[in-house]
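**Student:** Below is the structure I would like to discuss, written out as structure tokens.
Each reported figure results from applying straightforward, stated rules to the coordinates on display, with no laboratory input. Predicted, not measured: the structure shown is a model, and the values here were computed from it. Here the Cβ is made from the backbone with ideal geometry for all residues, glycine too, and neighbour counts use every protein chain on show.
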Amino acid sequence: MSLFRNLFRSKSDKDKEEIKSNDRGKYMPQVKLPIDESFTINFKANGGKFLYCENLDEIFENLSEILIENDWQDKSAFFYDKKLEKRFKPCKLKTSKLNEATYFITSCENLIADDGSLLISSNQIAEKKLPEFPSHVIVFATTSQIVTNIGEGLREIKTKNTQIPTNITTIKHFKQADEKDFLSYGSPSKNLYLLLLEDL
């Protein structure tokens, strides 16, 4: 019976078989995604909200939309980085001390593609711990800050700073960790928006 099936099978069946044979083998190495794509996928999987912007005007527009979405127009922001605060001056944000702020606007050292985390240091958070900051965080970063892994990020910090910053850590959890997830349970989670500016 199978001999007749092979002789008289339809062309579409042959086509289907050819497609299957072109599939990647089980033991073939995985296709490596570009690092920007890899970062985006992992960042979203961590629960982060990602907004790609082509220029500063788009950054300001998206920030305005974030404030409207969360009803933060009358709430205050905290900036640790005074240069960043000056850059966002056109937005006319209400600012306050850390303990009075609803949300925190910061930059970061690098964006880590392998796990979708953000590498930060004392340049962004001084010597404070992450739980001391508001649970709502808006991060401003550029596409040139995306690196493959933490090791590469640490090397970049070392080469671009004359004095190596202290308090280097990552923000990885952007949603409440599941109690069953032993590795991330107890880590401070942040409601995090990333405003990513194209600079390449």
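**Student:** Please go through the residue pairs 83/172; 49/160; 128/172 and name each one whose alpha carbons sit more than 22 Å apart in this structure. Don't skip to the answer; put the middle values down first.
**Tutor:** Working: 83/172 25 Å; 49/160 28 Å; 128/172 17 Å.
Exceeds cut-off: 83/172; 49/160.
**Student:** Sticking with this one: According to the square roots a ≥ b ≥ c of the eigenvalues of the Cα gyration tensor, what is the shape class of segment 19-155, taking rounded for a/c under 1.5, prolate for a/b larger than b/c otherwise, and oblate for the remainder? Each step should come with its number before you reach the end.
**Tutor:** Values: a/c = 2.54, a/b = 1.94, b/c = 1.31.
The shape class here is prolate.
**Student:** Can you list the GluC sites (Glu not before Pro) in segment 38-96 that are in a DSSP coil and have 13 or fewer other beta carbons within 10 angstrom? Let's see the in-between values first.
**Tutor:** On the way: sites: 54, 58, 61, 65, 69, 85; in loops: 54.
Within segment 38-96, the qualifying GluC sites (Glu not before Pro) (loop, at most 13 other Cβ atoms within 10 Å) are 54.
**Student:** Rounded, prolate or oblate, given the Cα gyration tensor of segment 52-95, with a/c below 1.5 counting as rounded?
**Tutor:** Since a/c reaches 1.5 but b/c is at least a/b, the shape of segment 52-95 is classed as oblate.
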